[in-house]
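Participant: Before I ask anything, here is the structure I am working with.
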Amino acid sequence: MLGAAGAVLASTIGQPGTASAKASFDSPYTLTQTYNAALRMVRVDLGLTVTERDPSAAYILFDYKSTESGQRVAPGSIEMVEAGRVVKVVVQLGQMPRYHEQVMSDALAKKLRDEYGEPAPRGNQHEVVDAGADGAAATP
């Protein structure tokens with residue numbers, strides 16, 4: 001799963017003449033919520049063309065157009081990786097100034113809050129609590 005997403009980032013970063021800047025943030029929402037909000041933002045809110053997507057690898061590739069760049073189209077990507085209690089979100093628009101990536105990153109964080117409200121607390125995935133027969137919590 002991480003290999004495909006890493007390949008996406010490597011192909012975006014490795015393009016000749018592109019900058020390797022990126023904007024990222026930690027989403028306290030689930031991977032599914034974060035991916036779905038990102039896809040809706042790209043397709044519906046921004047009206048951009050999605051060129052490739054993979055929910056199982058959690059990435060979206062799209063053609064980015066900005067009002068200030070005229071008709072120029074730049075490749076863009078949003079990658080999401082489960083990282084314990086958060087989902088690491090990376091937005092890349094290699095041929096655009098970094099602030100475009102930051103604006104998209106901030107818009108996605110706002111969209112998540114607006115659509116899902118306060119995130120539910122996410123426990124440590126490695127911590128298993130067993131109440132047992134007598135109701136006393138025991139950690140293995």
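The values are calculated or read from the model by the stated rules, or taken from the named source; none is laboratory data. Everything quoted here is computed from the prediction, not taken from an experiment. A quick note on method: Cβ atoms are made from the backbone with ideal geometry, for glycine too, and the neighbour counts reach across all protein chains shown. SASA here: full protein model, heavy atoms, side chains in, ligands and nucleic acids out. Shrake-Rupley method; radii C 1.70, N 1.55, O 1.52, S 1.80 Å.
Participant: Out of curiosity, is G123 surrounded by 10 or more Cβ atoms within 10 Å (Cβ to Cβ), at pLDDT 75 or above and part of a loop (DSSP other than H, G, I, E, B)? Let's see the steps before the verdict.
Facilitator: Values: surrounded by 10 or more Cβ atoms within 10 Å (Cβ to Cβ): yes; at pLDDT 75 or above: no; part of a loop (DSSP other than H, G, I, E, B): yes.
No; evaluated as a whole, the condition is false for this residue.
Participant: Name the residues in the stretch 68-98 that are of a type in the set (D, E), surrounded by fewer than 17 Cβ atoms within 10 Å (Cβ to Cβ) and closer than 26 Å to P55 by Cβ, would you? Steps first, answer last, please.
Facilitator: Looking only at the stretch 68-98, we keep the residues that are of a type in the set (D, E), and these are 68, 79, 82.
Narrowing further to those that are surrounded by fewer than 17 Cβ atoms within 10 Å (Cβ to Cβ): 68, 82.
The one that is of a type in the set (D, E), surrounded by fewer than 17 Cβ atoms within 10 Å (Cβ to Cβ) and closer than 26 Å to P55 by Cβ: E82.
Participant: Let me ask you something else. Taking the stretch 99-108, which residues are open to solvent by less than 20 Å² (accessible area, probe 1.4 Å) and of a type outside the set (S, T, N, Q)?
Facilitator: First, pick out the residues of the stretch 99-108 that are open to solvent by less than 20 Å² (accessible area, probe 1.4 Å): 100-101, 104-105, 108.
Matches in the stretch 99-108: H100, E101, M104, L108.
Participant: For the stretch 33-67, which residues satisfy the criterion of being at positive phi and open to solvent by 40 Å² or more (accessible area, probe 1.4 Å)? So that I can check it myself, show each step before the final result.
Facilitator: To start, the set of residues in the stretch 33-67 that are at positive phi comprises 47, 58.
Result: G47, single match.
Participant: Then there's this: On the basis of being touching an Asp or Glu at 6+ places or on another chain (Cβ under 9 Å) and either at pLDDT below 65 or part of a helix (DSSP H, G or I) (or both), does Q102 make the cut?
Facilitator: Working: touching an Asp or Glu at 6+ places or on another chain (Cβ under 9 Å): no; either at pLDDT below 65 or part of a helix (DSSP H, G or I) (or both): yes.
Criteria not met by Q102.
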